[in-house]
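The values are calculated or read from the model by the stated rules, or taken from the named source; none is laboratory data. Just so we're clear, the structure is a prediction, and the values are computed from it rather than from any experiment. Neighbour counts run over all protein chains shown; Cβ positions are idealised from the backbone, glycine included. Surface accessibility is based on the protein's heavy atoms, side chains included, excluding ligands, DNA and RNA. Shrake-Rupley method; radii C 1.70, N 1.55, O 1.52, S 1.80 Å.
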Amino acid sequence: GRSAPTVTKVCRIRRCPSQAGSNFSSRSGAPRSMTSKPRSNGYRASSAARLQQTRTRKALPMADTVDRATRSRMMAGIRAKDTQPEMRVRRAIHAAGLRYRLHRADLPGKPDLVFPSMRRIILVQGCFWHGHRCLKGRIPAANRIYWKDKIVNNQARDKRNIGRLRSRGWKVAQIWECKIRKCNEAELLSRLLRMIRHRR
């Protein structure tokens, strides 16, 4: 006759309800964070080094897209006065009914806009030439040492002139080219009026 079928007994291990879905290891009963392999000191050191390198990394120089002769011609053609950002500032202030003097030769640095009755001065600063920390202020890779020295000298002169103006009782405010370009006419006028009417 037929042999009796073999019956395999399956034993199930019941887990304690308090341990179901917990972070305990099934072998040792210790938390998984304790049983997992700890990270080496070398890994921690390399992570700290990468973090420090990221914090201290300087902005890479802007790659130049033209040759030296073309770049020199372009730089020579940039105006020192009556630039587009400066003209926008003038129009906005004039439309508000305020009057000013331009580039007074008797004041240090011949400041851009002078408001004699309020003892206020507004300097319209080009981001590249005055070393602003923005995308427009990045130094080209071509002839980098020359441009860096020139901009550092410009910044030193700006600081010296502003100090002299303030020592004579003038209130000096600066507005940067990149900020002017980002503003519409209403926002620009509001920013300028705050500069002019600020008491400090």
### Summary
Given 140-152, 104-116, the highest-first ranking by average Cβ count within 10 Å works out to 104-116, 140-152
### In Hz, Karplus ³J(HN,Hα) per residue of segment 153-163 (6.51, -1.76, 1.60; θ = phi - 60°; x = Gly, Pro)
5, 4, 5, 5, 5, 4, 4, 5, 5, 5, x
### Query
Gain in length, ARG181 to ARG164, computed as 0.36 nm per residue apart minus the alpha-carbon separation, to one decimal in nm?
3.2 nm
### Query
At a Förster distance of 25 Å, what's the computed FRET efficiency of LEU135 paired with MET87, Cβ-Cβ distance as r, to 0.05?
0.70
#### Entry: Globularity ratio of segment 70-200, using Cα Rg and 2.2 N^0.38 Å
1.09
### Query
Debye sum, Cα scatterers, segment 134-200, no solvent: what log₁₀ I/I(0) at q = 0.18 1/Å?
-0.90
### Message
Once R0 is set to 30 Å, what does the formula 1/(1 + (r/R0)^6) return for the Cβ-Cβ distance between LYS150 and LEU102, expressed as a FRET efficiency to the nearest 0.05?
### Response
0.75
### Summary
By the mean-Cβ-within-10 Å protection proxy, highest first, 160-167, 189-196 rank as 189-196, 160-167
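Before I look further, what does segment 76-200 give for accessible area per residue, probe 1.4 Å, in whole square angstrom?
Numbers: 7760 Å² over 125 residues.
About 62 Å² of surface per residue is accessible.
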#### Entry: Built amide H within the under 5 Å cut-off of CYS127, gap 5+
GLU177, CYS178
